[in-house]
Amino acid sequence: MFPLGGIVLVIIAFYLFSSIKILSEYERGVIFRLGRLLDQPKGPGLILVFAPLDRMVRVDLRQIAFDVPPQDVITRDNVTLKVNAVVFLRVIDPRLAVVEVTNYQYQTQQFALTTLRSVLGEVELDELLAHRDKINLRLQSILDQHTAPWGVKVANVEVKQVDLAESMMRAMAKQAEAEREKRSKIIHAEGEFSAAQRLVDAAHLLQTEPASIQLRYLQTLTEIGVEKNTTVVFPVPIDLLSGIQRFTGNLQKTVTADSDTGAKSGA
């Protein structure tokens, strides 16, 4: 038979041993003593929790990421699409995360669902595709305002995937093709305009020095001769052709006048 004192000591030692709790570096213990919340959470390391007077709730301080399920969203320009997102959060105040809300992860997810639909319903499709960073910041700001009273910080919100209908994807492809064709025509027209302007400037410059056009003719012949072509194209000045044409016309008029005079004399 063990003495009564020894049994008491064994019970006390067992009680103290069971009261020892070890918390990791990323954990904090929120202690309720007789149902009342203690001022400061305990941990990390070795702590004592004297049950049944004390009750401890472990809180993880690491950043948590969870997916927002795909939501059917109608944008401001009446485009139907499916959008899902990912939310990154972490606990800043363990006491508030335990006392102020039943399950902060679930509640944050529900807020993310409604906020995602409401925010994307206020923007157009082009803005969603082109300015996703701006929308992410707006979502993060709204969620952070809701979770701040719980001691939870929403670090970031990312719109992960946007699923469009097949008809809308074809329409966007046609729009992009038309836009590129428009740019191509504009660039081509600007090139033609620049070339025409340069030709006008060159013509004015050559007109100031008549001998320069002859040098240009000789340079063209040199370029043709380098290629060892069997056909040589010799450029003839248009002024020369005009002079020949005028001379031929005057000669024809003179011959016609002489013929008419000879015919009258014979009569």
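Since every read-out is calculated from the coordinates, none of them should be taken as a lab result. Given the structure is predicted, the values throughout are model-derived calculations rather than measurements. No Cβ is skipped: glycine too gets one built from the backbone with ideal geometry, and neighbour counts run over all protein chains shown.
Details
- Alpha-carbon centroids, the stretch 117-141 and the stretch 63-99: separation in whole Å: 13 Å
- In terms of its alpha-carbon gyration tensor, the stretch 11-60 comes out oblate; a/c meets the 1.5 threshold, while b/c is at least as large as a/b.
- In a fully extended conformation the segment linking Met172 and Arg90 would gain 25.6 nm over its present Cα-Cα distance, using 0.36 nm per residue.
- The peptide list 112-123, 182-193, 32-43, put in order of mean Cβ contacts within 10 Å with the highest first, becomes 112-123, 32-43, 182-193.
- Estimated FRET transfer efficiency when R0 is 45 angstrom, pair Val162-Glu100 (beta carbons, to 0.05): 0.85
- Approximate spin-label separation Glu179-Ala13, in nm, with each point projected 7 Å along Cα-to-Cβ: 7.9 nm
- Inter-label distance, nm, simple model (7 Å from Cα along the C-beta direction), Val79/Val57: 4.4 nm
- Among 83-96, 133-146, 66-79, sorting by the average number of other beta carbon atoms lying within 10 angstrom of each residue, highest first, gives 83-96, 133-146, 66-79.
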